[in-house]
1. Can you tell me which residue among Thr60, Thr67, Thr78 is part of a loop (DSSP other than H, G, I, E, B), among the β-branched types (Val, Ile, Thr) and closer than 29 Å to Cys139 by Cβ?
2. Sort out which residues of the range 84-110 are part of a loop (DSSP other than H, G, I, E, B) and closer than 13 Å to Leu148 by Cα, and write them in order of number.
3. If you take the residues in the range 24-45 that are out of contact with any Leu (no Cβ under 9 Å at 6 or more places or on another chain), hydrophobic (A, V, I, L, M, F, W, C) and part of a helix (DSSP H, G or I), which one is farthest from His142 (Cα to Cα)?
4. Here are some conditions: (1) crowded, with 20+ Cβ neighbours inside 10 Å; (2) aliphatic (A, V, I, L, M); (3) under 12 Å from the mean Cα position of the chain (by Cα). Leu82 meets all but one. Which one does it not meet?
5. Is it the case that the range 21-28 has a residue that's in contact (Cβ under 8 Å) with a residue 60 or more places away in the chain and either of a type in the set (Val, Ile, Thr) or buried (at least 19 other Cβ atoms within 10 Å of the Cβ) (or both)?
6. Could you grab me the full set of residues in the range 122-143 that are outside any strand (DSSP E or B) and over 16 Å from Leu87 (Cβ atoms)?
7. Output the number of residues of the range 129-160 satisfying the condition of being touching a Gly at 6+ places or on another chain (Cβ under 7 Å) and under 30 Å from Glu42 (Cβ atoms).
8. Out of everything in the range 161-187 that is in contact with a Gly (Cβ under 7 Å, 6 or more places away or on another chain) and under 12 Å from Phe125 (Cβ atoms), what residue ends up being modelled with the lowest pLDDT?
Amino acid sequence: MSSVPALPRTARLQLRPFQAADLPAFAAYRANPAVARFQSWEPYTAAQAEAFVASQAGATIPGPPGTWVQIAIARADTDELLGDCALCLQADEPRLAEIGITLAPAQQGQGYATEALRALLEYCFRELHLHRVMAVTDCLNHGSVELLARVGMRREAHFRQHVWFKGAWGDEYVYALLGQEWQQNHG
C-alpha cells in the first residue's frame, strides 16, 4: 500500500478519523456501563475519554500491524458521532485483520451498525485488499452475534470459558469472512 485509501461513506454515514469535537459524544457512550458490558474496557472517565480521542485524532488508518485503530462512525449529513469501529491488522500477517464496533445506545436499532460494518468490510477487502477479516464477540452479546451474521460473517469457533472477563470465565465466538467470499457476494 503506497497510499492510504479514503475511508468509506454511505448514504447515511461516514467513517473518518476521530476529531476533538467528538469528545462529548464519545465520553458519554464510553462512560455507559451498558456499553462497556461486553467490551474489554470498563466505563471511561472523562480524562480517559479525552486522552483516547487525542490519541486517535489524526491516526493513520489502518495503523501499523498489531496496533488497534478506532475509526469514528459519524452521520454523513451532520457529522454527529454515533459510535466507533476498530481495525487491527495482524502483526505477523498484515493481510489478516480483526474488527470491532461500538455504538451509542441512542443510535442502536436503526441499522447504523450494519451499515458501518458493511462499509468497513468493503474498505478492508476492496481498498486494503485483505485476505481475511475476523471478529471476536462474547457469546452472550446477542446483538453482536446477530450483527456479524447479518453482514455475512461466518461463525468459525466457539471457545468455551476461553477468557477471564470481568470476574468470570467467558465464552467467545469467532466470526470471519474471506475476501473471495466478499467478492462473490458483492461483485
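The values are calculated or read from the model by the stated rules, or taken from the named source; none is laboratory data. As the structure is a prediction and not an experimental result, all values here were calculated from the model. As a convention, Cβ positions derive from the backbone with ideal geometry for all residues, glycine included, and neighbour counts pool all protein chains shown.
1. None of the other options fit; the residue is Thr67.
2. none
3. Restricting to residues being out of contact with any Leu (no Cβ under 9 Å at 6 or more places or on another chain), hydrophobic (A, V, I, L, M, F, W, C) and part of a helix (DSSP H, G or I), the top hit is Ala27.
4. Failing condition for Leu82: (3).
5. Yes, some residue in the range 21-28 is in contact (Cβ under 8 Å) with a residue 60 or more places away in the chain and either of a type in the set (Val, Ile, Thr) or buried (at least 19 other Cβ atoms within 10 Å of the Cβ) (or both).
6. Cys139, Leu140, Asn141, His142, Gly143, listed by residue number.
7. Final tally of qualifying residues: 2.
8. Per the stated criteria, the residue is Asn185.
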